[in-house]
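Visitor: Before I ask anything, here is the structure I am working with.
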Amino acid sequence: MSASPHFDDAAHSLSRREALRHLLAPAALLLTAPFLTGFDWHLMQYEGRDYIPAADIQKFYEFPRLERIGKHVEFRSSKLIMRWTSGTDDIYINNVKFCLSFPVLEKDGKLYVSRMDLSKLIHPIIKPSHIEGAIIFDTVVLDPGHGGEDSGAVGALGAEKNYALDTAFRLKRKLEALGYKIVMTRDKDIFIPRPERVAIANKTPKAVFVSLHYNAFNASSIGLETFALAPQGTANTDKDLKESDMVGRRGNKRDSENIALATAVHANCLYKLRSVDRGVKRHRFDVLAGIERPAILVEGGFVSNPTEGAKIHKPEFRDSLADAICGGIQNYRKALLAGLRPARVPVRATPPATPAPKKSQ
Ligand SMILES: [Zn+2]
């Protein structure tokens, strides 16, 4: 029992690194399915949306423990810890921060999560299953942000466009060494309009898309954030819902894959780099909205922070980030293959054409 908002205190049996490792394990990473049928959900309506109580989530996912700690509820199994906080839109799954589309709701002392967040975020991440129609990719489209006259963020030591291109080259070599084919939206310091980047991804078969960026804000902002396309009918992270958010985008057909890929890459980067975790977030960046392949955008750190900017300026850091992203992509692919294996190689007790033998006992 602990009132601490952190997971990594002594009261908890899963260490931070242990928990991160579980989140990276293929079996724990998975994906979506038509899952709301066949279970007695106690839905509640609030502002026109369905919400689901924590107790249903505990039962459906078979968490042995659900504990209320102050403003929080914590779900626990031997491999997963999930923590919600009343009234906030951040949840933590095995210490990784995810930004919900709608805040956790409290009513009569019980916490609820929106059905949208259950189906578009929690379920694809924690339910061992497989994505229907997931792209089994052998190609990665790498998209170094900005270029040419568009420098992107500019720090004291250098520009985002150059750091992003260098990181992409490093990632390209690492992925090629694992056997992936690589397509780059740019391989030199030129400006490529975003629609062209989208077109390159959409004409590349069996691919995922990874856009590489570095951040800038004020001098104190630090950390890593990874973006997946906002689902239809949800706001971008930290923004109000607006009318255009109700319109589906081409990339929304990959919602489950987008969040699973974002989780795999983001968690591996936190695990390997120990960066400050700004969360897996949602946005409708053009490159994410238009792409009909699983797509994410990684913001590798802040060039505007003196310490982080100096780190990003070092080739060793960019190489480590490339390593971590590469490992995340590989973990995502393993998770897909683990999920698909039963369908692709049916396990049969007897060969299909042979009559079943009589039971001897
Ligand atoms: Zn950028």
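The values are calculated or read from the model by the stated rules, or taken from the named source; none is laboratory data. Remember, it's a predicted structure, so these values are computed and weren't measured experimentally. In this analysis, Cβ positions are derived from the backbone assuming ideal geometry, glycine residues included, and neighbour counts consider all displayed protein chains.
Visitor: Tell me yes or no: at least one residue of the stretch 270-293 is surrounded by fewer than 20 Cβ atoms within 10 Å (Cβ to Cβ) and at positive phi.
Guide: Within the stretch 270-293, one or more residues are surrounded by fewer than 20 Cβ atoms within 10 Å (Cβ to Cβ) and at positive phi.
Visitor: Same structure, new question: Mind counting the residues in the stretch 80-104 that are assigned to a loop (DSSP other than H, G, I, E, B) and either more than 18 Å from residue 46 (Cβ to Cβ) or in contact with an Asp or Glu (Cβ under 9 Å, 6 or more places away or on another chain) (or both)?
Guide: Residues meeting the conditions: 11.
Visitor: Tell me, please, whether a residue that is in contact with a Lys or Arg (Cβ under 8 Å, 6 or more places away or on another chain) and either more than 22 Å from residue 252 (Cβ to Cβ) or more than 16 Å from the ligand (Cβ to nearest atom) (or both) can be found in the stretch 119-129.
Guide: Taking every residue of the stretch 119-129 in turn, none turns out to be in contact with a Lys or Arg (Cβ under 8 Å, 6 or more places away or on another chain) and either more than 22 Å from residue 252 (Cβ to Cβ) or more than 16 Å from the ligand (Cβ to nearest atom) (or both).
Visitor: Please determine whether any residue of the stretch 211-228 is in the same structural domain as residue 241 (by TED's automatic domain parsing), part of a loop (DSSP other than H, G, I, E, B), over 28 Å from residue 155 (Cβ atoms) and of a type outside the set (Ser, Thr, Tyr).
Guide: No.
Visitor: Kindly indicate whether any position in the stretch 118-138 is over 18 Å from the mean Cα position of the chain (by Cα) and assigned to a strand (DSSP E or B).
Guide: No.
Visitor: Step by step: first the residues of the stretch 255-269, then only those that are free of Cβ contacts under 8 Å to residues at least 60 places away in the same chain and closer than 19 Å to residue 100 by Cα, then the one that is surrounded by the most Cβ atoms within 10 Å (Cβ to Cβ). Which residue is that?
Guide: 262
Visitor: Then there is this: Quick check on this structure: which one of 179, 148 is within 16 Å of the ligand (Cβ to nearest atom), surrounded by fewer than 22 Cβ atoms within 10 Å (Cβ to Cβ) and at pLDDT 95 or above?
Guide: Checking each option against the conditions leaves just 148.
Visitor: State yes or no: is residue 216 among the hydrophobic types (A, V, I, L, M, F, W, C), in contact with a helix residue (DSSP H, G or I) (Cβ under 9 Å, 6 or more places away or on another chain), farther than 29 Å from residue 134 by Cα and within 16 Å of the ligand (Cβ to nearest atom)?
Guide: Spelling it out, residue 216 is indeed among the hydrophobic types (A, V, I, L, M, F, W, C), in contact with a helix residue (DSSP H, G or I) (Cβ under 9 Å, 6 or more places away or on another chain), farther than 29 Å from residue 134 by Cα and within 16 Å of the ligand (Cβ to nearest atom).
Yes or no, residue by residue, for (1) free of Cβ contacts under 8 Å to residues at least 40 places away in the same chain; (2) among the aromatic types (Phe, Trp, Tyr); (3) outside the structural domain of residue 294 (by TED's automatic domain parsing); (4) assigned to a loop (DSSP other than H, G, I, E, B):
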site: 143; (1), (2), (3), (4): no, no, no, no
site: 157; (1), (2), (3), (4): no, no, no, yes
site: 164; (1), (2), (3), (4): no, no, no, no
site: 169; (1), (2), (3), (4): yes, yes, no, no
site: 175; (1), (2), (3), (4): no, no, no, no
site: 179; (1), (2), (3), (4): no, no, no, yes
site: 182; (1), (2), (3), (4): no, no, no, no
site: 196; (1), (2), (3), (4): yes, no, no, no
site: 200; (1), (2), (3), (4): no, no, no, no
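Visitor: Follow-up. In the stretch 151-164, what residues are crowded, with 24+ Cβ neighbours inside 10 Å and not small (Gly, Ala, Ser)?
Guide: 160, 161, 163
Visitor: Run down 209, 191 and say which single residue is away from the ligand (no atom under 12 Å from the Cβ), touching a residue at least 24 places away in the same chain (Cβ under 8 Å) and in contact with a His (Cβ under 8 Å, 6 or more places away or on another chain).
Guide: On inspection, the qualifying residue turns out to be 191.
Visitor: If residue 41 satisfies every condition in (1) over 22 Å from residue 279 (Cβ atoms); (2) at pLDDT 95 or above but one, which is the exception?
Guide: Failing condition for residue 41: (2).
Visitor: Do we find that residue 200 is more than 16 Å from the ligand (Cβ to nearest atom), surrounded by 17 or more Cβ atoms within 10 Å (Cβ to Cβ), more than 30 Å from residue 56 (Cβ to Cβ) and more than 19 Å from the chain's Cα centre (by Cα) in this structure?
Guide: yes
Visitor: Being surrounded by fewer than 16 Cβ atoms within 10 Å (Cβ to Cβ) and in a helix (DSSP H, G or I) is the filter here, so list the residues in the stretch 55-79 that pass it.
Guide: If the condition is that a residue be surrounded by fewer than 16 Cβ atoms within 10 Å (Cβ to Cβ) and in a helix (DSSP H, G or I), then 55, 59 are the ones that fit.
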